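Colleague: Following this message is one structure expressed as structure tokens.
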Amino acid sequence: MRDYPRFSIDPLPQPPGAGQRLRAYLRLIRFDRPIGILLLMWPALWGLWVAGDGFPPWRVMLIFVLGVALMRSAGCAINDFADRDIDGKVERTGKRPLVTGDIHAWEALAVFAVLSLLAFLLVLRLNIETIRLSFAAVILAAVYPFMKRYTHLPQLVLGMAFGMAVPMAFTALQQQVPLVGWVLFAATVVWALIYDTEYAMVDRADDLKIGVKSTAILFGRHDRLIIGLLQGLMLGLLLWAGMLAGRGWAYIAGLGAAGLFFLRQQTLIRQREPRDCFAAFTSNNCVGMSVYFGLLIDYLLQRAGS
């Protein structure tokens, strides 16, 4: 009996299921990496506590916490859209959903638009001064991801975007931004230069190959020194803000704890190993937490003594 060749028919590729799509969207907004939300949240809480004299209204605080989470997630979406052609060339970002094709570019833009709109709807529950500042915050968040193509200081734009939560906290509670609010804003901008430079040190080798700009490349072999100077400047600005706000020893202790974490970061980045630089970056959550709890305890002690 004649033996005929056998043919196999490969099944057609199945469209991704709802669960897979949801996981791709969650990866797009870094749901599994809340460090970005925390780094944005701490300055917002600093501003709220100082502007509210230690006891901001719960309604306003809830609006800011939700707004921070939404805007950070929106920022991740627009960042991946901007970097969709270069993320595949960087080891750390090669598995992002726009690189793997799990999400299309227009979907990332849609996520950015929807999350920004939701954040804006929250801001509409605040006063007109805060609403006006929110436009600047959204513009800075949208522009930041594209800056690495044109300047070595994209971290400065990031700091301004993250820092807008501080003056917005003051306008929400005081209808103005006093000097202490602008000093806290400046400290937040400097802080972003610190932690995002440490973050950029992780990708420096890849960024040099593909032509992406960053402060890590700009600072070069002086990176540790400049980061150290920025750390000192940030602590000085926070000390000044505390003096303007009439804070006491507990707040100073919080700054001291933050300083110890900065010293630890200097140890971590000494050899400029990517893993250690990333650990230095993530330890900034402890810096922000130390400053906040210093403020919180200081205000609680003030109330207990009054």
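Colleague: Test Ala141 against the criterion of being of a type in the set (A, V, I, L, M), part of a helix (DSSP H, G or I), surrounded by 24 or more Cβ atoms within 10 Å (Cβ to Cβ) and at pLDDT 90 or above, and give yes or no.
Modeller: Numbers: of a type in the set (A, V, I, L, M): yes; part of a helix (DSSP H, G or I): yes; surrounded by 24 or more Cβ atoms within 10 Å (Cβ to Cβ): yes; at pLDDT 90 or above: no.
The answer is no for Ala141.
Colleague: Checking Glu198 against (1) touching a Phe, Trp or Tyr at 6+ places or on another chain (Cβ under 7 Å); (2) surrounded by fewer than 21 Cβ atoms within 10 Å (Cβ to Cβ); (3) of a type in the set (D, E, K, R), which single condition isn't satisfied?
Modeller: So Glu198 meets the others, but not (2).
Colleague: What tally of residues in the stretch 24-42 results from selecting those that are of a type in the set (D, E, K, R) and without any contact (Cβ under 8 Å) to a residue 12 or more places away in the chain? Please lay out each step first, then the result.
Modeller: Just the residues of the stretch 24-42 that are of a type in the set (D, E, K, R), to begin with: 27, 30, 32-33.
Then drop every residue that is not without any contact (Cβ under 8 Å) to a residue 12 or more places away in the chain, which leaves 32-33.
Qualifying residue count, the stretch 24-42: 2.
Colleague: Please go through the stretch 118-135 and give me each residue that is without any contact (Cβ under 8 Å) to a residue 60 or more places away in the chain and under 16 Å from Val68 (Cβ atoms), ordered by number.
Modeller: Start the filter on the stretch 118-135 by keeping residues that are without any contact (Cβ under 8 Å) to a residue 60 or more places away in the chain, which leaves 118-122, 124, 127-135.
Within the stretch 118-135, Leu118, Ala119, Phe120, Leu121, Leu122, Thr130, Leu133, Ser134 qualify.
Colleague: So, one more: Say we look at the stretch 202-221 and pick out the residues that are over 14 Å from Pro154 (Cβ atoms) and at pLDDT 90 or above; which of these is surrounded by the fewest Cβ atoms within 10 Å (Cβ to Cβ)?
Modeller: Step by step, filter the stretch 202-221, then rank; the result is Arg221.
Colleague: So which residues in the stretch 276-294 are free of Cβ contacts under 8 Å to residues at least 40 places away in the same chain and either under 23 Å from Val180 (Cα atoms) or in a helix (DSSP H, G or I) (or both), if there are any at all?
Modeller: Asp276, Ala279, Cys286, Ser290, Phe293
Colleague: Residue under question is Val60, and the condition is that it be within 30 Å of Leu173 (Cβ to Cβ) and among the β-branched types (Val, Ile, Thr); does it hold?
Modeller: Spelling it out, Val60 is indeed within 30 Å of Leu173 (Cβ to Cβ) and among the β-branched types (Val, Ile, Thr).
Colleague: Would you tally the residues in the stretch 35-54 being surrounded by fewer than 24 Cβ atoms within 10 Å (Cβ to Cβ) and not hydrophobic (A, V, I, L, M, F, W, C)?
Modeller: 4
Colleague: Another question, then. For the stretch 152-209, how many residues meet the condition of being aromatic (Phe, Trp, Tyr) and within 13 Å of Leu39 (Cα to Cα)?
Modeller: Summing the residues that are aromatic (Phe, Trp, Tyr) and within 13 Å of Leu39 (Cα to Cα) in the stretch 152-209 gives 4.
Colleague: Determine, yes or no, whether Phe262 is farther than 28 Å from Arg149 by Cβ, assigned to a helix (DSSP H, G or I) and within 20 Å of the chain's Cα centre (by Cα). Walk me through it before giving the result.
Modeller: Values: farther than 28 Å from Arg149 by Cβ: yes; assigned to a helix (DSSP H, G or I): yes; within 20 Å of the chain's Cα centre (by Cα): yes.
Against the criterion (farther than 28 Å from Arg149 by Cβ, assigned to a helix (DSSP H, G or I) and within 20 Å of the chain's Cα centre (by Cα)), Phe262 qualifies.
Colleague: Which is modelled with pLDDT under 90, aliphatic (A, V, I, L, M) and under 30 Å from Gly181 (Cβ atoms), of Ile63, Ile37, Ile9, Ile29?
Modeller: Ile29
The values are calculated or read from the model by the stated rules, or taken from the named source; none is laboratory data. Computed from a predicted structure; not experimentally measured. So basically every Cβ, Gly included, is an ideal-geometry build from the backbone, and we count neighbours across all protein chains shown.
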